[in-house]
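Below is one structure, written out as structure tokens; the observations come after it.
The values are calculated or read from the model by the stated rules, or taken from the named source; none is laboratory data. This one's a predicted model, so the numbers in the text were calculated from it and none came from an experiment. As a convention, Cβ positions derive from the backbone with ideal geometry for all residues, glycine included, and neighbour counts pool all protein chains shown.
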Amino acid sequence: KAGVTQTPRYLIKTRGQQVTLSCSPISGHRSVSWYQQTPGQGLQFLFEYFSETQRNKGNFPGRFSGRQFSNSRSEMNVSTLELGDSALYLCASSLGVRSDTQYFGPGTRLTVL
Amino acid sequence: EDQVTQSPEALRLQEGESSSLNCSYTVSGLRGLFWYRQDPGKGPEFLFTLYSAGEEKEKERLKATLTKKESFLHITAPKPEDSATYLCAVQGGDYKLSFGAGTTVTVRA
């Protein structure tokens, strides 16, 4: 069974630009969560989508947004990029039961110059 | 707010030298505690889920245990391929996952 896939794997942007990251969950998984990982803050929860609806949200500014499509694939968007947005962005999928185990993708490394 | 503290931050072991990693937590209504392994430049790889105090799970050289305040990940007779960062996460009443900073384990041959 294929794992969680994320595209692109690496991205370089400049301040003020916007970026869209994509995530394809494991087949049959209906929940997708997004995380930001930095050396200083560790892994932090961004948001979770289930059946095309945002089911949970972390403490990030409104510049961070996401959506989920009917095939469970998800995208996250960051607008007006700041230097501090440089991070590894991880996507995780689960079946959808709320205490289910989440399986992570390889991440997208975003560098903001 | 849920909090997870992992110790030590780093652990250097000789091959075959068993040790334990600690994950202490404060959470309102624990729904699950998760252990992941992360190699450099990769996403976390799932190891174990524990749901209630007293529960134990094993996989090869790894064993995870859970009490009401902390979890331990025991590494028995580690090999160099066990070198990685081990992450602990808790899921509380709001169903969000809160991660600890991780313990970086280095196993020397």
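Observations on the model:
- Residues being more than 13 Å from the chain's Cα centre (by Cα) and in a strand (DSSP E or B) - total across the stretch B:12-31: 4
- Residue count for the stretch A:88-113, restricted to those that are more than 13 Å from chain B (Cβ to nearest Cβ) and either closer than 19 Å to A:GLY42 by Cβ or in contact with a helix residue (DSSP H, G or I) (Cβ under 7 Å, 6 or more places away or on another chain) (or both): 3.
- In the stretch A:34-79, the residue that is farthest from B:LYS96 (Cα to Cα) out of those that are touching a helix residue (DSSP H, G or I) at 6+ places or on another chain (Cβ under 9 Å) and either within 14 Å of chain B (Cβ to nearest Cβ) or in contact (Cβ under 8 Å) with a residue 40 or more places away in the chain (or both) is A:VAL78.
- Scanning the stretch B:84-109 for residues that are in a loop (DSSP other than H, G, I, E, B) and surrounded by 18 or more Cβ atoms within 10 Å (Cβ to Cβ) gives B:GLY92, B:LYS96, B:GLY100, B:ALA101, B:GLY102.
- The stretch A:22-31, residues that are in a strand (DSSP E or B) and away from chain B (no Cβ under 13 Å): A:SER22, A:SER24
- The residues listed here are A:PHE45, A:PHE60; of these, the one that is at pLDDT 95 or above, in a loop (DSSP other than H, G, I, E, B), under 28 Å from B:GLN3 (Cα atoms) and of a type in the set (A, V, I, L, M, F, W, C) is A:PHE60.
- Subset of the stretch A:1-28 (residues that are of a type in the set (A, V, I, L, M, F, W, C) and in contact with an Asp or Glu (Cβ under 6 Å, 6 or more places away or on another chain)): none
- Of residues in the stretch A:1-20 being farther than 18 Å from A:ASP100 by Cα and within 13 Å of chain B (Cβ to nearest Cβ), the one surrounded by the fewest Cβ atoms within 10 Å (Cβ to Cβ): A:TYR10
- Contact map, the stretch B:37-53: first residue within 9 Å of chain A (Cβ to nearest Cβ) and more than 24 Å from A:THR38 (Cα to Cα), second residue of a type in the set (Gly, Ala, Ser) and not in a strand (DSSP E or B), Cβ cut-off under 8 Å, separation 6 or more or different chains; pairs are B:TYR51/A:SER99.
- When B:GLU81 is tested against (1) more than 28 Å from A:THR108 (Cβ to Cβ); (2) more than 14 Å from chain A (Cβ to nearest Cβ), only condition (1) is not met.
- Qualifying residues in the stretch B:1-29 (those that are among the hydrophobic types (A, V, I, L, M, F, W, C) and touching a Phe, Trp or Tyr at 6+ places or on another chain (Cβ under 8 Å)) - the one surrounded by the most Cβ atoms within 10 Å (Cβ to Cβ): B:CYS23
- Qualifying positions in the stretch B:67-109 - aliphatic (A, V, I, L, M) and more than 20 Å from B:GLN38 (Cβ to Cβ): B:ALA77, B:ALA109
- For the stretch A:64-99, filtering for residues that are under 17 Å from A:LEU113 (Cβ atoms) and in contact with a strand residue (DSSP E or B) (Cβ under 7 Å, 6 or more places away or on another chain) leaves 9.
- Matching residues in the stretch B:1-39 - criterion: being of a type in the set (Lys, Arg) and within 16 Å of B:GLU81 (Cβ to Cβ): B:ARG12, B:ARG37
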